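Down below is the structure, laid out as structure tokens.
Computed from the coordinates by the stated procedures, all read-outs in this text should not be read as laboratory data. Remember, it's a predicted structure, so these values are computed and weren't measured experimentally. Virtual Cβ from ideal backbone geometry, glycine too; neighbours counted across all protein chains shown.
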Amino acid sequence: MRVLVTGAAGFIGSTTTALLVAQGHDVTGLDNLVSGRAQNAPVGAAFVVGDCGDVELVRSLGHFDACVHFAARIEPGESMKFPEVFFSNNVASSFRLLEALVTTGVERFVFSSSCAVYGDQVAMPIDEQRTTSPHSPYGQSKRMVEEGLEWLVKQGRLKAASLRYFNAAGATLAHPERHNPEIHLIPIAFDAAMGKRDCLEVFGDDYPTPDGTCVRDYVHVSDLADAHVLAIEALESTDGLTLNLGTGVGSSNREVIEMVKLVTGRDFEVRYVQRRPGDPAAAVASNDRARSLLSWNPTRSALATIVSDAWAAHQTLKF
Ligand SMILES: NC(=O)c1ccc[n+]([C@@H]2O[C@H](COP(=O)([O-])OP(=O)(O)OC[C@H]3O[C@@H](n4cnc5c(N)ncnc54)[C@H](O)[C@@H]3O)[C@@H](O)[C@H]2O)c1
């Protein structure tokens, strides 16, 4: 199958591109490197540096059977300061990409959505029937693309899957997690363990959770990559899918930090500071639908595996 991967130089995009190549697909990666790493340019695939919202560029790449659309700005806090950037990059560019792809006859589209579409929910786990209520322009941008896709599917323009990831984590050796700026707990904790930060700041220890810190559902990036391949396959016989990708198991910030200390064998200072606006107390997925409709089985997402794999990859990074 000929597959376009946008955001192929990013964390999840590069891991998924490697899997698609390994499975024998003819892959083209597209990334404007706004936050991706040039080192992530795929091996065994074509790679184009450019914007996914550049209609002429995307059309010039020819017909694709499927597109996996990872490209986005991803930091909710930044989206509160610069909502216009997020709506322009994440929403307008997505629809320009879709316009280019539909006119060149794409059949299947897999979209990186997020648990941020749910906002702050009280009852866990969260299933896909839950009313969406994004609390940031980032989350809203994801929901807006989902809604547009629902119309494209309804009108028979293409088949689409919106995959709502919870917290992507872990790594393969070839593709360590490194965002710019880094906002995710595990790589930041590694930097503290390596002495690259004075201490690790944790936002809030007075949440209504068992140990007072936020609870998140961490899912290994290799399990996420599997789900994308399965979603492309499922779209052969289904027109539209909206699925959570998480494990159903929550880990608190304290539990993650203890695991990082155990795996790295290093101690570091942890400072608990004020809550950060917009952070929900907990976000844990019900993944029943992905298990049943994709036969997806996240086998690498135990916290110990996630942290061990991420640590092995993190040590290969050149800072
Ligand atoms: N990391 C997570 O925990 C998580 C959770 C939920 C959803 N997501 C979604 O998954 C996707 C991938 O996330 P990631 O963690 O790999 O982030 P990332 O920042 O590593 O990757 C995003 C990539 O998209 C590229 N990009 C951004 N805008 C672009 C544009 N207009 N044209 C071309 N390339 C562009 C960036 O250069 C980067 O390489 C994003 O859509 C994100 O919103 C991530």
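Remarks
- Pairs of Lys residues in the chain, spaced 8 or more positions apart or belonging to different chains, with C-alpha separations under 25 angstrom: 6 in total.
- Calculated [θ] (222 nm, deg cm²/dmol) that DSSP helices of n ≥ 4 give over the chain, each run adding -39,500 (n - 2.57): -10000 deg cm²/dmol
- Cβ-Cβ distance of Arg266 and Met1, R₀ of 51 Å, FRET efficiency by 1/(1 + (r/R0)^6): the value works out to about 0.70.
- Using alpha-carbon coordinates, inclination of helix 137-154 to the longest axis of the chain, degrees: 30 degrees
- Of the trypsin sites (Lys or Arg not before Pro) found in region 244-319, the ones in coil according to DSSP and having at most 11 other Cβ atoms within 10 Å of their Cβ are Lys318.
- Between region 226-256 and region 129-174, the alpha-carbon centres lie 11 Å apart.
- Neighbour count of at most 12 Cβ within 10 Å plus DSSP loop: longest GluC sites (Glu not before Pro)-free window in the chain: 1-235
- Rg of the Cα atoms in the chain, relative to 2.2 N^0.38 Å, amounts to 0.95.
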